[in-house]
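Here is the structure we will look at, set down as structure tokens.
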Amino acid sequence: MNVELRDEARDDLVTGAVFYGEQSVGLDEYFLKCLREDVKKLETTGGVHEQYRGFHRALSDRFPYAIYYVVSEDVVDVVAILDCRREPAALKTRLRQTMR
């Protein structure tokens with residue numbers, strides 16, 4: 001399957017990288033490397049993850065992040081990549097905005 005990231009998901013990656021870059025030198029690059037690997041895995045595993053609020057949710061292997069996506073035919077459409085430590089109401093709002 002082809003994996004496509006929406007602009008909002010790319011922005012989520014940048015936000016996460018900035019946060020981790022502020023925690024430790026080089027951690028931002030490691031974060032991006034790990035999340036890109038997690039996204040790449042969706043080429044073969046897209047559609048097998050549990051559903052949450054209408055989206056499939058794949059959990060990152062190394063960071064407390066979830067990749068939210070939908071599958072249509074042979075495309076995995078990544079709509080959001082969010083920190084699992086967010087307040088549930090903020091997560092719900094963000095995903096609701098994505099559905100528009």
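For residue 97 and residue 32 in one chain, what is 0.36 nm times their gap in residues minus the Cα-Cα distance, to one decimal in nm? Could you put the intermediate results ahead of the total?
Working: separation 65, 0.36 × 65 = 23.40 nm, distance 2.40 nm.
Here the segment from residue 97 to residue 32 would lengthen by 21.0 nm.
Provide the percentage of antiparallel DSSP beta bridges, counting only those with both residues in the chain; round to the nearest 5. Intermediate results must be reported in sequence, preceding the final value.
Working: 14 of 18 bridges.
Beta bridges within the chain, antiparallel portion: roughly 80 percent.
Length gain on complete extension for the stretch residue 90 to residue 14, per 0.36 nm per residue less the alpha carbon to alpha carbon distance? Mind showing how you got there, number by number?
Working: separation 76, 0.36 × 76 = 27.36 nm, distance 1.82 nm.
Between residue 90 and residue 14, full extension yields 25.5 nm more.
Nearest 10 degrees, 0 to 90: what angle lies between the long axis of helix 27-45 and the longest principal axis of the chain (Cα atoms)? Rounded to the nearest ten degrees, it is 20.
Assign unit charges at the C-beta atoms only (+1 for Lys and Arg, -1 for Asp and Glu), then state the dipole size of the range 22-97 relative to its Cα centre in Debye, rounded to the nearest 20. Intermediate results must be reported in sequence, preceding the final value.
Details: 12 positive and 13 negative charges, 68 e Å.
Taking the Cα centre of the range 22-97 as origin, the dipole is about 320 debye.
Under the combined filter of DSSP loop state and at most 14 neighbouring Cβ atoms within 10 Å, the range 17-100 retains these GluC sites (Glu not before Pro): 50, 73. Here the range 2-98 is described by how far its Cα atoms reach on the three principal axes: 40, 30, 21 Å, from widest to narrowest.
Bear in mind that the values in this text are calculations on the coordinates, not laboratory data. A quick note: this is a predicted structure, and the numbers were derived from the prediction, not measured. Note: ideal-geometry Cβ built from the backbone for every residue, glycine included; neighbour counts use all protein chains shown.
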